[in-house]
Amino acid sequence: MEHGALHRAELARICGLSRTTVSNIVGDLVVGGVVIEAVGDQVAEAGIDASEVDGRARGFLQANPAAGAAAGLDFTLERVWGHVTDLSGETLASSGVTAAPDTPWQERLTTGIDLLDDLLASSGLGRDALVGVAIGVPGPIDRQTGVVGPSLPGQAWAGVNVSAEFRRRLDVPVLVENNTRLEAVAEFTWGAGRGARDVLYLGLSTGIGSGLLVDGNLHRGGARGGGGEIGHISADPSGEPCPCGNRGCLVQFASLLAVLKTLAPVLGADAGIDELLAAAADDQPDTVRVLREAGEATGRVLANICNLLNPERIIVGGELARAGDVILDPIRATLRRSAMALTRDVDVVAAELDLGARSGASGAAALVLRQTDQLVAALLTGAALRPNEAV
């Protein structure tokens, strides 16, 4: 999916294998229906000038879209969204349902599976077509135990091995990831990250999370899955204590909840994102000032991240990113003023995709497609592999 149609020689170069080895492997994949020869319009759509290729060479290769399907489910506090694609990444079905905030995880799991079955049925598929499912949940996932750690108070999935519970019901490979990281994968694959290789995604929402892709690969959160908590980097060491144990965390300045709390005397105690965005669009002075200060705090933290990681592009998502340049410009200006010369010219852009669960679910499906080893193994070992239906 990442590279589109490729010639065997290019595939050998990318994999670091000999052409003979690649040809042997490809032969087995073609026979199994996993890979097909791309011809005509398929090659043109991949941006390849076939006239430049030696006429004696064999055709270009691509994943067989009909060999199976990938699915993603993303769970937020009040919503479950599902997304199903073919193996080329083409969307087959996408939809969501609401859930009450106090819904226990067992009911959420059942709701998610019912939604997945409905999406498959609407695409004329059954569970036997799935090569894998990725699940997005709030909070860190312990990479050693598979258990979801606590994040927001009352988080339904805390203490649950989500992967094991879904595998028990679905009997397919299951990946579990923090849903902000899945938003990062979605933006990298289909949104504002296209064309870049090293991307940092920052979600300015009720909390502040991030996702990092290095050379196109998702960083999965470190040794115990707790990486990416940019919201708990201190923006002001002398600031107020944070429940995490730190002081002056970025989440206390630049999260949606923090901004709304600061503006409550101006916008009202019951104001939400719509009222905030309307005030920003009208250049309401206090709103513009608070958003500017939130952007400046974010820029200071991002400057340190840039000095450490030197990303090519930073994508700012979440509800606050909808304020546009009112918050993005102070982020850019502060970052470039604070980072060292070698790293300050990073491209800072707004996210392009829908917010929250919808984006997370599409990122989850993309994550399945990007797990090449698991994908091929699932195809070759059975259920999703239907050689007689190869295109």
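We did not get these values from a lab; they are worked out from the coordinates using the rules stated. This is a predicted model, so every value here is computed, not measured. Please note: Cβ atoms are built from the backbone with ideal geometry, for glycine as well, and neighbour counts cover all protein chains shown.
Divide the volume of the convex hull of the Cα atoms of segment 267-331 by its number of residues and quote the answer in cubic angstrom per residue.
84 Å³
Suppose each label sits 7 Å from its Cα in the direction of the beta carbon; what would the residue 194-residue 114 distance come out to in nanometres?
About 3.6 nm separates the two model spin labels.
Provide the FRET efficiency to the nearest 0.05 for the residue 345-residue 242 pair, computing r from the beta carbons and using R0 = 35 Å.
The computed FRET efficiency comes out at 0.65.
Between residue 257 and residue 18, how high is the FRET efficiency from 1/(1 + (r/R0)^6) when r is the Cβ-Cβ distance and R₀ = 35 Å? Nearest 0.05.
In this case the efficiency is close to 0.05.
Mind ranking 358-370, 283-295 by how tightly packed they are, going by the mean number of other C-beta atoms within 10 angstrom, highest first?
For the peptides 358-370, 283-295, the packing ranking is 358-370, 283-295.
Please report the spacing between the Cα centers of segment 75-104 and segment 283-302 in Å, no decimals.
That distance is 32 Å.
Going by amide H atoms built from the backbone, whose H comes under 5 Å of the H on residue 92, apart from near neighbours?
84, 85, 86
State, to one decimal in nm, how far the label point of residue 215 lies from the label point of residue 234, with both points 7 Å from Cα in the Cβ direction.
Taking the two extended label points, one gets 3.5 nm.
Where nothing but the Cβ of Lys and Arg (+1) and of Asp and Glu (-1) is charged, how large is the charge dipole of segment 203-282 around its Cα centre, in debye to the nearest 20?
Here the size comes out at about 400 debye.
Express in whole angstrom the spacing between the alpha-carbon centres of segment 337-365 and segment 166-212.
That distance is 11 Å.
Test of understanding: extend the Cα→C-beta vector of residue 144 to 7 Å, then name every residue of segment 219-241 with backbone N under 13 Å from that spot.
What the label zone holds, given the 13 Å backbone N cut-off, is 223-226.
Given a cut-off of 18 Å, what percent of all Cα-Cα pairs of segment 190-251 lie beyond it?
46 percent
Where does each of 339-346, 180-187 land if you order them by average Cβ count within 10 Å, highest first?
Top of the packing list down: 180-187, 339-346.
Using θ = phi - 60° and the Karplus curve 6.51 cos²θ - 1.76 cosθ + 1.60, what whole-Hz ³J(HN,Hα) does each residue of segment 263-273 get, with Gly and Pro shown as x?
8, 4, x, 9, 8, x, 5, 9, 5, x, 4
For segment 87-220, give the share of DSSP beta bridges that are antiparallel, in percent and rounded to the nearest 5; count only bridges with both residues there.
Around 65 percent of the beta bridges assigned by DSSP in segment 87-220 are antiparallel ones.
Measuring from a point 7 Å past the Cα of residue 224 along Cα-to-C-beta, which residues in segment 105-145 have an amide N at less than 14 Å?
Inside the label zone: 140-145.
Would you kindly derive the ³J(HN,Hα) couplings of segment 347-360 from the backbone phi angles with the Karplus curve 6.51 cos²θ - 1.76 cosθ + 1.60 (θ = phi - 60°), listing them in order in whole Hz, with x for Gly and Pro?
For segment 347-360, the Karplus-derived couplings read 7, 10, 9, 7, 4, 9, 8, 4, 6, x, 4, 4, 5, x Hz, x marking Gly and Pro.
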